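Report on the following structure.
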Amino acid sequence: MTTPNNHPHGPTAAPGSLRCPECAEPARPVPPRRWPLDGFASRPAASHLDGTPLCPVPGPNGSQPADPIGAPARLTMWQAVRQSWLIHPDWTVADHLAWLDGEGYDTGTLTGDPAEVVGRWLAEHRRTAPVPRSADDPRVYMVAGGDMVAVFDSADEADIMAVTMTAANLEPVTLPLTEAQWEQARAVLRSQLPHVTVTDARSTRAAGAP
């Protein structure tokens with residue numbers, strides 16, 4: 001098992017300081033709303049708060065948006081424990097507490113005994129965990145937040161994306177859908193909300209499929 005102190009999850013410095021290195025304006029870990037090079041170059045992973053790409057800088061193939069500097073907003077302790085539990089369901093309460101301490105979280109600020117609080121969170125995560133679906137279950141999991149919509153064939157992957165969106169203040173919503181419902185939703189997004197970035201992250205999706 002990976003030990004909590006060696007786990008790479010979570011920023012360790014200057015939470016919330018993500019910014020554009022050229023104009024020094026705040027940035028967010030969300031692709032820009034509009035990307036003129038769609039179909040030719042991957043949409044950048046970060047943007048200014050108004051949804052525009054970060055300022056251009058020289059790159060190997062000409063001008064390209066800058067990479068943000070700083071650290072993204074830190075997850076709350078509840079979010080951090082949930083994301084770590086999704087990645088390492090075998091961790092004990094002591095493992096989670098050691099990892100939180102190693103990441104600089106002050107567990108002493110929790111109301112009540114930290115071990116009891118984290119234990120209660122873990123019990124709730126296990127209680128609400130989705131039941132594994134059968135091979136012929138056509139469900140997919142859609143996560144929508146801000147100008148982003150992503151679809152997964154795993155509830156765990158969708159939960160991780162929701163936690164990431166929550167940390168970026170995008171107030172995500174996760175919905176289990178049938179394949180047919182997702183196709184209808186995607187058609188509506190394309191026709192009525194063309195500015196929304198739609199990502200099909202299903203592992204079973206054929207490469208290059210629209």
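The values are calculated or read from the model by the stated rules, or taken from the named source; none is laboratory data. Every value quoted in this text rests on a predicted model; they were computed, and no experiment measured them. Methodologically, a virtual Cβ is constructed for each residue, glycine included, from the backbone with ideal geometry; neighbour enumeration extends over all protein chains shown.
Looking across segment 165-177, the residues that are farther than 18 Å from Ser203 by Cβ and either within 10 Å of the chain's Cα centre (by Cα) or not charged (D, E, K, R) (or both) come down to Met165, Thr166, Ala167, Ala168, Asn169, Leu170, Pro172, Val173, Leu175. The sole residue among Val149, Val163 that is outside the structural domain of Leu86 (by TED's automatic domain parsing), within 24 Å of Ser47 (Cα to Cα) and either at pLDDT 85 or above or not in a helix (DSSP H, G or I) (or both) is Val149.
Just so you know, in segment 131-146 the residues that are over 22 Å from Thr76 (Cα atoms) and of a type in the set (A, V, I, L, M, F, W, C) include one that is modelled with the lowest pLDDT, and it is Ala135. In segment 70-106, of all residues being within 18 Å of the chain's Cα centre (by Cα) and outside any helix (DSSP H, G or I), the one that is surrounded by the fewest Cβ atoms within 10 Å (Cβ to Cβ) corresponds to Thr76. Within segment 177-200, residues that are more than 22 Å from Pro36 (Cα to Cα) have Cβ atoms under 8 Å from residues that are small (Gly, Ala, Ser) in these pairs: Leu177/Ala185, counting only partners at least 6 apart in sequence or on another chain. Among the residues of segment 112-130, the one identified as at pLDDT below 90 and farther than 25 Å from Leu175 by Cα is Gly112. What number of residues in segment 175-193 are closer than 21 Å to Ala45 by Cβ and either at pLDDT 85 or above or in contact with a helix residue (DSSP H, G or I) (Cβ under 7 Å, 6 or more places away or on another chain) (or both)? Result for segment 175-193: 0.
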